[in-house]
1. Determine, for I55, I343, the number of other Cβ atoms within 10 Å of each Cβ, and report the residues in order from fewest to most.
2. Let me know the charge dipole size of segment 1-135 about its Cα centre in debye, to the nearest 20, where only the beta-carbon of Lys, Arg (+1) and Asp, Glu (-1) is charged.
3. Compute the projected area of the convex hull of the Cα atoms of segment 1-147, averaged over all viewing directions, and report it in nm² to one decimal place.
4. Which one, Y256, A246, N224, is farthest towards the positive end of the dipole of segment 189-264 when Lys and Arg carry +1 and Asp and Glu -1 on their Cβ?
Amino acid sequence: RVVVGTKVDMHHVNWVTAYNMLTGIRFTVSRTNAKINRDLTDADFDARHKFSFDITGNELTPSAKYDFKFKDYAPWVFRHIRAHFKLDPADYLVSLTSKYILSELGSPGKSGSFFYFSRDYKYIIKTIHHAEHKLLRKILREYYAHIDKYPNTLLSQFYGLHRVKIPYGRKIHFVVMNNLFPPHRDIHQTFDLKGSTIGRDFKEEDLEKNPRATLKDLNWLRRNYHFEFGAEKKNVFVEQLKSDVALLQKLKIMDYSLLVGIHDLSKGNEENLRDKTLRVFQPGGDRGAEPQPNLLTRTPSKLETQRKARELRQIIKKEKPVVMEKSTSKMPDEMLEERKSFIFYSDDGGFQATHEDGEPGEEIYYLGVIDCLTHYGFIKRAEHLWKGMSNNKSQISPIPPEDYGHRFVKFITGLTKTKEQAERESRSTDQM
Ligand code: ATP
Ligand code: CA
Ligand code: CA
């Protein structure tokens with residue numbers, strides 16, 4: 001099933017949520033950025049600030065189209081993290097809030113999380129579970145220390161952690177993070193790799209319907225693919241992966257994957273992305289599950305419906321609907337300047353293949369470790385519940401984070417071997 005990112009305009013069901021998210025981000029990020037920079041204190045990691053937005057505005061917050069509450073977590077820490085990853089503060093705000101246009105990928109995974117892309121596709125907003133939110137707050141010190149020590153980390157880059165809530169609505173937690181895939185390059189193949197074979201197969205026959213589907217471990221193995229890194233790049237990659245996974249193991253995190261996007265230079269951009277209003281995005285959820293019921297929009301109460309109708313009438317009176325013009329879909333021409341200094345993102349936003357002889361290869365890999373906010377305890381509980389319900393004891397049980405990480409590194413490292421190396425090794429194990 002091909003899912004086209006849908007633009008979130010005011011006719012979209014999640015328009016209000018998206019508007020509130022962006023309004024909150026704009027306000028809180030500018031508020032922190034306006035202050036003179038300073039070193040972090042221990043208290044910065046636990047900081048949280050609550051703001052109320054309403055139609056009239058107050059001394060603290062400017063007026064907004066809707067009433068909502070916004071919570072900003074550890075703003076100074078995220079300001080420092082953004083600086084670490086060399087984001088330009090003004091750029092960040094413009095990308096995320098300019099004209100409020102986002103596109104929604106919907107809820108691709110089993111988790112029910114929603115994904116939104118900033119208008120220029122540089123950033124992703126992902127709604128997260130409360131448990132993931134709590135985890136990120138808990139590990140923030142260690143995450144920060146890690147990215148400080150390893151600027152070339154492959155882990156997801158978290159740029160902000162926030163929460164929105166509309167009156168009578170549920171609390172929605174979300175993170176802003178890096179989009180691993182470049183706005184200006186066509187991604188010809190995508191893989192979400194975990195190092196497991198169970199349930200890790202995208203049905204090959206469905207590829208016809210959906211040629212850009214996110215493929216999984218078994219699809220990769222079936223194609224007998226290998227990363228073509230060459231010796232030097234291979235080393236840098238494997239070492240970084242090991243350091244990153246060591247952190248995740250220590251924090252008892254699991255269920256993460258290596259997201260791999262491949263741009264084939266010989267194919268180039270088949271579709272001229274810049275002329276398209278939106279890119280085609282594939283529902284990735286590595287479990288390939290049916291989309292979950294829309295968690296953002298539950299049935300509103302009568303009161304809410306009335307209020308919303310009133311608000312909408314006011315808006316319609318005041319302004320024309322936001323229309324997405326063709327020109328607004330323009331993608332940045334060159335790769336994010338800020339990424340140039342990071343090894344894995346330095347070749348046109350990615351990591352270019354290198355032949356054994358050191359010559360550049362045909363492919364650019366876009367790589368990163370994603371979905372890294374799932375704690376072992378959370379999986380265990382979910383599993384327990386599920387097993388209790390289905391009464392089927394033979395299902396896959398989650399493996400502890402140590403083993404998960406070990407298996408993950410082993411699998412991915414195996415993919416960095418050349419075909420010859422891999423064949424030699426499998427022959428010698430056959431003989432044993
Ligand atoms: P589940 O828990 O079921 O795996 P999830 O809702 O936690 O799903 P993720 O695994 O984080 O979702 O991501 C789902 C898909 O979204 C990925 O396979 C990938 O296609 C896309 N995606 C996620 N994060 C990024 C990113 N940083 N850059 C580009 N694409 C991403
Ligand atoms: Ca996942
Ligand atoms: Ca997940």
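Read the figures in this text as sums done on the coordinates, not as results from a lab. It should be emphasised that the depicted structure is a prediction, and the values quoted were computed from it without experimental measurement. Reconstructed Cβ throughout: ideal geometry from the backbone, glycine too, with neighbour counts over all protein chains shown.
1. Values: I55 11, I343 14.
Listing I55, I343 from fewest to most nearby Cβ atoms yields I55, I343.
2. Details: 20 positive and 14 negative charges, 53 e Å.
So the dipole magnitude of segment 1-135 works out to roughly 260 debye.
3. Values: hull surface 40.1 nm².
It is 10.0 nm².
4. Result: A246, furthest along the dipole toward the positive end.
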